[in-house]
Amino acid sequence: MAPAYLATIPALRRAARWAPLALFSSGIVAGDKPVLVRDFVRSALYDPNHGYFSKRSGPVGVLDSAIRFHKLDGRTAYMKHLDKLYKMHDISWFTPVELFKPWYAYAIAASILRTANLSVPLKIFEIGGGSGTCAKCVLDYMMLNAPPKVYNNMKYISVEISSSLAEKQLETVGEVQSHLSKFTVEHRDATDIAGWGSKDPQPCWVLMLEVLDNLPHDLVYSPDQVSAWMEVWIEKVNGSSQVCEVYKPLQDPLVSRCSEIVGMNEENPSLREKLSFAAKGLVSKVFPKPRRAWLPTGCLKLLDTLHQALPSMSLIASDFSYLPDVSIPGDRAPLVSSKKDGKTLDHPNYLDAQGDADIFFPTDFLLLEQIDHHCSGFLKDQMNRGAFKPVKSRRTIILDSAAFMEEFGLPLKTRTKDGYNPLLDDFRNTKFYLSVPTHNK
């Protein structure tokens with residue numbers, strides 16, 4: 001995830017093609033068999049031995065105390081204070097929930113309390129809870145503002161893939177003794193359906209704050225404007241540590257499903273689309289232009305799992321809707337960033353990530369909405385409609401972060417003396433996604 005201050009072919013006839021790219025040295029690809037790009041990304045970020053998030057909890061910063069925005073003169077004073085904090089803690093970033101604690105998490109808790117069914121015990125799952133600040137602040141809010149019965153009976157479960165962060169979360173939440181009886185950390189992969197046990201039909205909430213940007217993605221490639229898309233695999237060269245891309249026809253089920261949701265392989269194009277395709281075909285012969293697209297297959301797998309395990313869940317997700325200065329090619333391409341000697345370095349190629357660099361993707365929130373409906377069964381019902389028109393089983397809304405905070409939060413708490421508000425003014429490239437079940441099952 002990005003630092004807060006960044007407002008910043010005929011080949012189908014063959015089984016595979018080598019990438020016309022430079023070779024890259026990699027310790028991330030184990031064994032001699034090629035791996036999909038999502039497996040490379042997953043290993044670079046989460047491998048228990050050399051993954052970026054698994055080595056230590058250092059990439060995620062924890063503030064010793066909340067920032068007193070009302071004592072800062074304005075934007076210049078805030079940026080100086082932020083720069084001082086980064087140098088003092090020597091970490092890669094502070095998450096929004098950390099920078100604006102407790103107010104950021106309070107807004108999320110308020111949105112839950114306003115819409116939750118309080119006739120049943122409140123249960124909240126958080127995927128990738130970072131340092132535990134969100135969990136602690138949500139529990140704080142419920143203790144202070146919810147009816148005592150709600151706080152006393154609630155459960156807050158953090159599903160965390162990093163063992164070091166899981167330990168940190170227990171430490172953070174444990175600052176308030178009464179929270180510990182309500183809070184648990186499950187050290188596991190949230191995409192693994194086996195970890196969820198039997199299906200839970202009861203209402204619950206799922207929080208995913210800056211999680212989507214670090215989920216594994218796949219990459220597809222086409223050599224020109226009209227040739228079919230191909231999967232990108234990573235393969236070692238002659239058993240060495242060097243790797244390169246290999247292109248294969250679409251065959252992976254997850255990649256195929258995701259490309260179908262994105263609409264990359266329209267089966268029944270309109271006349272206008274056919275004419276456009278024919279024109280592109282003529283142009284591609286004279287001026288071939290390779291195409292790349294990144295597919296959020298990790299998001300698809302996670303939402304698939306959540307809808308199976310928690311069919312009555314309500315979902316709140318927040319993330320970056322775009323990232324500035326991305327040099328890696330392709331639609332929805334990631335930013336690959338590392339920090340050395342207090343300085344941030346952006347890498348020009350995703351293969352540079354060797355466990356010492358973060359890989360984070362922008363979130364296409366309209367695509368996220370499509371994936372959510374797909375996993376809930378709605379889009380599948382549309383394609384196989386019978387006598388009755390399919391009805392959506394979820395109500396969804398996409399909000400700019402400023403709109404969400406103005407609706408559920410206390411924006412005055414993050415405003416400086418001159419009226420500048422970093423939460424509202426500096427996070428214009430972030431959004432919230434809210435998805436709740438309807439009774440149309």
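Starting from region 403-418, take each residue that is farther than 12 Å from A105 by Cβ and list its partners that are acidic (D, E), counting only C-beta distances under 9 angstrom and pairs at least six apart or across chains.
So the pair list comes out as T416/D73; K417/D73; D418/D73.
Pairs only if they're at least six apart or on different chains, beta carbon under 7 angstrom, first in region 78-99 and farther than 17 Å from E210 by Cβ, second of a type in the set (S, T, N, Q); list them, first residue then second.
Every condition considered, the pairs that remain are Y78/T416.
Tell me which residues, restricted to region 121-169, are assigned to a strand (DSSP E or B) and of a type in the set (V, I, T). Please lay out each step first, then the result.
First pass over region 121-169, keeping only residues assigned to a strand (DSSP E or B): 123-127, 155-160.
Once the filter is applied, which keeps residues that are assigned to a strand (DSSP E or B) and of a type in the set (V, I, T), region 121-169 yields I124, I127, I157, V159.
Return yes or no: is K417 at pLDDT below 90 and assigned to a loop (DSSP other than H, G, I, E, B)?
Working: at pLDDT below 90: no; assigned to a loop (DSSP other than H, G, I, E, B): yes.
Spelling it out, it is not the case that K417 is at pLDDT below 90 and assigned to a loop (DSSP other than H, G, I, E, B).
Just to be sure before I move on: is D64 part of a loop (DSSP other than H, G, I, E, B) and at pLDDT 95 or above in the structure I sent? Break it down into steps so the answer makes sense when it comes.
Working: part of a loop (DSSP other than H, G, I, E, B): yes; at pLDDT 95 or above: no.
In short, no.
Just give me the residues in region 198-236 being aliphatic (A, V, I, L, M) and either within 25 Å of the chain's Cα centre (by Cα) or under 18 Å from N349 (Cα atoms) (or both), in sequence order. Write out each step before concluding.
Let us first name the residues in region 198-236 that are aliphatic (A, V, I, L, M), namely 206-209, 211-212, 215, 219-220, 226, 228, 230, 232, 234.
V206, L207, M208, L209, V211, L212, L215, L219, V220, M230, V232, I234 - these are the residues of region 198-236 that are aliphatic (A, V, I, L, M) and either within 25 Å of the chain's Cα centre (by Cα) or under 18 Å from N349 (Cα atoms) (or both).
What number goes with the only condition from (1) open to solvent by 40 Å² or more (accessible area, probe 1.4 Å); (2) touching a strand residue (DSSP E or B) at 6+ places or on another chain (Cβ under 8 Å) that V138 does not pass?
The failed condition is (1).
Quick one: what pairs do we get from region 344-366, first residue within 15 Å of W93 (Cα to Cα), second aromatic (F, W, Y) and open to solvent by less than 40 Å² (accessible area, probe 1.4 Å), C-beta under 6 Å, 6+ apart or different chains?
D358/Y52
Wholly within region 172-265, which strands (runs of 3 or more DSSP E) include no fewer than the required count, namely at least 2 residues that are closer than 30 Å to R114 by Cβ? Quick ask: steps written out before the conclusion?
Working: elements: 183-187, 204-209, 218-222, 230-236, 242-249.
Hits in region 172-265: 183-187, 204-209.
How many of the residues making up region 207-238 are hydroxyl-bearing (S, T, Y) and at pLDDT 95 or above? Steps first, please.
As a first pass, look at region 207-238 and keep what is hydroxyl-bearing (S, T, Y): 221-222, 227.
From the residues that got through so far, the ones that are at pLDDT 95 or above too are 221.
Qualifying residue count for the region: 1.
Among the residues of region 77-114 satisfying the criterion of being assigned to a helix (DSSP H, G or I), open to solvent by 10 Å² or more (accessible area, probe 1.4 Å) and of a type in the set (A, V, I, L, M), which is modelled with the lowest pLDDT?
M88
Yes or no: E160 in contact with a His (Cβ under 9 Å, 6 or more places away or on another chain), under 30 Å from S321 (Cβ atoms) and crowded, with 23+ Cβ neighbours inside 10 Å? Talk me through it step by step, then tell me what you get.
On the way: in contact with a His (Cβ under 9 Å, 6 or more places away or on another chain): yes; under 30 Å from S321 (Cβ atoms): yes; crowded, with 23+ Cβ neighbours inside 10 Å: yes.
So E160 passes the test.
The values are calculated or read from the model by the stated rules, or taken from the named source; none is laboratory data. In this text the structure is predicted, and so the values were computed from the model without any measurement. Ideal geometry is used to build each Cβ from the backbone, glycine not excepted, and the neighbour counts take in all protein chains shown. SASA here: full protein model, heavy atoms, side chains in, ligands and nucleic acids out. Shrake-Rupley method; radii C 1.70, N 1.55, O 1.52, S 1.80 Å.
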